Amino acid sequence: MKRVCILFVVHKHCINREGKSPVYVRLTHNGKRVEWSLHLFVSPENWNAKTQRIDLKEPNADYKNLEISRLKSLFEETVLRLRFDKKPIFLNN
């Protein structure tokens, strides 16, 4: 069974009036990719793409990082449950 890749990304080309960019979760499975906005915004210079976390210089970084961790756990748990139940995984927008 192919794995599901869960990645958190910041679209640095989309900057709002406050100079912040949206954080998205990107799921990839069997060559299909979907993205959803987390409705979290971060200054692009405070995003660490390698760790997929927000630098603590960002206001409310602790809360935002906790939310990212919570959502990652939720996605991982859902994938594991589907695999355990031997159900197919479909990615839809």
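Residue pairs whose Cβ atoms lie under 7 Å apart, separated by 6 or more positions or on different chains, with the first residue in the range 17-44 and farther than 22 Å from ARG70 by Cβ and the second open to solvent by 40 Å² or more (accessible area, probe 1.4 Å) and outside any strand (DSSP E or B), are ASN30/LYS2; PRO44/LYS12.
If you go through the range 1-13 and keep only what is open to solvent by less than 30 Å² (accessible area, probe 1.4 Å) and either farther than 17 Å from ASN92 by Cβ or at pLDDT 90 or above (or both), you end up with ILE6, PHE8, VAL9, VAL10. Residues in the range 44-82 that are open to solvent by 70 Å² or more (accessible area, probe 1.4 Å), farther than 17 Å from HIS11 by Cβ and part of a helix (DSSP H, G or I): ASP62, TYR63, LEU66, ARG70, LEU74, GLU76, GLU77, LEU80, ARG81. Entry remark, the range 14-38: residues being open to solvent by 60 Å² or more (accessible area, probe 1.4 Å), modelled with pLDDT of 90 or more and not charged (D, E, K, R) number 2 in total. When ASN16 is tested against the conditions (1) part of a helix (DSSP H, G or I); (2) over 29 Å from PHE90 (Cβ atoms), the lone failure is (1).
The values are calculated or read from the model by the stated rules, or taken from the named source; none is laboratory data. Keep in mind that what you see is a predicted model, and the values were worked out from it rather than measured. FYI the Cβ positions are ideal-geometry reconstructions off the backbone, even for glycines, and counts take in every protein chain you see. To get the accessible areas, we keep the full protein, side chains included, count just its heavy atoms, and leave off ligands, DNA and RNA. Shrake-Rupley method; radii C 1.70, N 1.55, O 1.52, S 1.80 Å.
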